[in-house]
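Since the structure comes first, as structure tokens, the remarks are kept for the end.
The values are calculated or read from the model by the stated rules, or taken from the named source; none is laboratory data. Because the structure is a prediction, the values reported are computed rather than measured. Reconstructed Cβ throughout: ideal geometry from the backbone, glycine too, with neighbour counts over all protein chains shown. Areas reflect the complete protein model, heavy atoms only, side chains present, ligands, DNA and RNA absent. Shrake-Rupley method; radii C 1.70, N 1.55, O 1.52, S 1.80 Å.
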Amino acid sequence: MTISTVGIIGAGTMGNGIAQACAVSGINVVMVDISDAAVQKGLATVAGSLDRLIKKDKMSAADKDAALARIKTSTSYDDLKAAQIVIEAATENYELKLKILKQVDALVAPEVIIASNTSSISITKLAAATSRADKFIGMHFFNPVPMMALVEIIRGLATSDATHDAVKQLAERLGKSPITVKNAPGFVVNRILVPMINEAFFVLAEGLATPEDIDAGMKLGCNQPIGPLALADMIGLDVCLAVMDVYLTEFGDSKYRPCPLLKEYVAAGRLGRKTGRGVYTY
Ligand code: NAD
């Protein structure tokens with residue numbers, strides 16, 4: 001199947017990033033959100049991001065104009081009919097995604113692939129809400145999308161090889177390096193990353209080292225660009241805790257128990273950068 005137009009649902013952080021990645025790769029985009037304000041904000045974010053590339057001499061003004069011309073914005077799902085694949089990147093809420101996916105499933109042609117960029121919801125479960133589980137797949141981009149090379153391609157229980165191969169090819173056309181993952185909570189990257197952050201809190205709670213030394217250890221000893229505790233402050237301690245709670249419930253394995261110190265910080269409102277204080281003070 002040739003993909004010439006990608007439909008994107010949601011013009012937020014991830015939706016507009018995916019739109020940019022497609023548009024600069026010569027692929028047409030229809031980006032849909034619930035309000036004009038939301039789509040215009042998404043489009044302005046893409047324009048600003050392309051302007052920064054021009055300033056760094058990584059893009060010409062003509063290429064920017066050509067990329068922006070490939071992005072059509074809309075508040076009507078009807079416009080998604082032009083796409084060969086629809087990538088859902090709306091707010092992370094199960095009921096909302098279910099509603100959106102049923103609506104899209106009823107609207108677009110049977111051969112159209114539907115993908116979700118969800119971070120935490122089961123791809124198999126979302127697929128089951130549609131009439132095309134074989135043409136349903138996870139496409140988990142990383143933030144900021146234009147910068148990050150990875151896309152996790154998540155196969156639900158019924159995802160077909162043809163769907164997987166088409167989506168892998170699309171990710172490669174976007175200049176990404178996809179990895180293929182079977183559906184399971186956290187997929188691959190977050191399954192390893194968030195328990196590592198949780199373990200850093202246990203190390204901190206046990207008083208084994210200062211936060212600065214824990215982070216320096218992981219940066220210098222494992223070549224990580226940022227230490228796990230500083231990363232937790234960036235992600236949000238509440239988000240890290242919620243993810244550990246999901247793993248604990250879904251896997252039923254006590255190795256995923258959230259560190260009590262992480263819980264304490266969240267209870268105290270120390271959620272990280274967004275509240276001015278987490279492990280560190282900002
Ligand atoms: P966001 O809040 O920045 O954007 C979500 C957008 O969805 C908003 O513009 C909102 O108006 C729109 N929306 C809500 N309901 C809609 C509907 N019915 N139809 C169309 N649009 C609707 O969120 P985000 O960070 O871009 O996250 C989007 C998805 O990507 C989530 O599933 C999230 O888990 C996933 N994700 C996020 C990140 C990240 O770092 N932010 C990374 C990977 C995956």
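Checking the structure you have, find out if any residue of the stretch 38-57 is under 20 Å from Pro146 (Cβ atoms), open to solvent by 40 Å² or more (accessible area, probe 1.4 Å) and acidic (Asp, Glu). Within the stretch 38-57, one or more residues are under 20 Å from Pro146 (Cβ atoms), open to solvent by 40 Å² or more (accessible area, probe 1.4 Å) and acidic (Asp, Glu).
Within the stretch 225-282, the residues that satisfy the criterion of being more than 21 Å from Ala209 (Cβ to Cβ) and of a type in the set (S, T, N, Q) are Thr249, Ser254, Thr275. Taking the stretch 130-153 as the range and being charged (D, E, K, R) and either more than 14 Å from the ligand (Cβ to nearest atom) or buried (at least 23 other Cβ atoms within 10 Å of the Cβ) (or both) as the test, the residues that pass are Arg132, Asp134, Lys135.
Applying a threshold of 9 Å to beta carbon distances and a minimum spacing of six or more residues, or different chains, the list of pairs starting in the stretch 195-219 at a residue that is among the basic types (Lys, Arg) and ending at one that is in a loop (DSSP other than H, G, I, E, B) and open to solvent by 60 Å² or more (accessible area, probe 1.4 Å) reads Lys219/Pro225. Scanning the stretch 58-80 for residues that are open to solvent by less than 80 Å² (accessible area, probe 1.4 Å), away from the ligand (no atom under 15 Å from the Cβ) and in a helix (DSSP H, G or I) returns Ala61, Ala62, Lys64, Ala66, Ala67, Leu68. Per the conditions (1) surrounded by 15 or more Cβ atoms within 10 Å (Cβ to Cβ); (2) under 17 Å from Pro260 (Cβ atoms); (3) acidic (Asp, Glu), the sole criterion not satisfied by Glu206 is (1). For the stretch 84-98, a residue qualifies if it is closer than 27 Å to Met1 by Cα, in a helix (DSSP H, G or I) and within 8 Å of the ligand (Cβ to nearest atom), and exactly one does: Lys97.
The residues listed here are Ala127, Ala109; of these, the one that is in a loop (DSSP other than H, G, I, E, B), open to solvent by less than 60 Å² (accessible area, probe 1.4 Å) and more than 14 Å from the ligand (Cβ to nearest atom) is Ala109. Every residue in the stretch 163-183 that is touching an Asp or Glu at 6+ places or on another chain (Cβ under 8 Å) and not in a strand (DSSP E or B), please. Hit for the stretch 163-183 is Thr163, nothing else. Of all residues in the stretch 239-263, those satisfying the criterion of being open to solvent by less than 10 Å² (accessible area, probe 1.4 Å) and part of a helix (DSSP H, G or I) are Cys240, Met244, Tyr247, Leu262. When both residues are 6+ apart or on different chains and their Cβ atoms are under 7 Å apart, which pairs have a first residue that lies in the stretch 137-160 and is within 12 Å of Val189 (Cα to Cα) and in contact (Cβ under 8 Å) with a residue 12 or more places away in the chain, and a second that is among the charged types (D, E, K, R) and part of a loop (DSSP other than H, G, I, E, B)? Between residues of the stretch 137-160 that are within 12 Å of Val189 (Cα to Cα) and in contact (Cβ under 8 Å) with a residue 12 or more places away in the chain and residues that are among the charged types (D, E, K, R) and part of a loop (DSSP other than H, G, I, E, B), the close pairs are Leu150/Lys176; Val151/Lys176. Inspect all residues belonging to the stretch 212-223 and state whether any of them is in a helix (DSSP H, G or I) and either of a type in the set (Ser, Thr, Tyr) or at pLDDT below 95 (or both). Taking every residue of the stretch 212-223 in turn, none turns out to be in a helix (DSSP H, G or I) and either of a type in the set (Ser, Thr, Tyr) or at pLDDT below 95 (or both).
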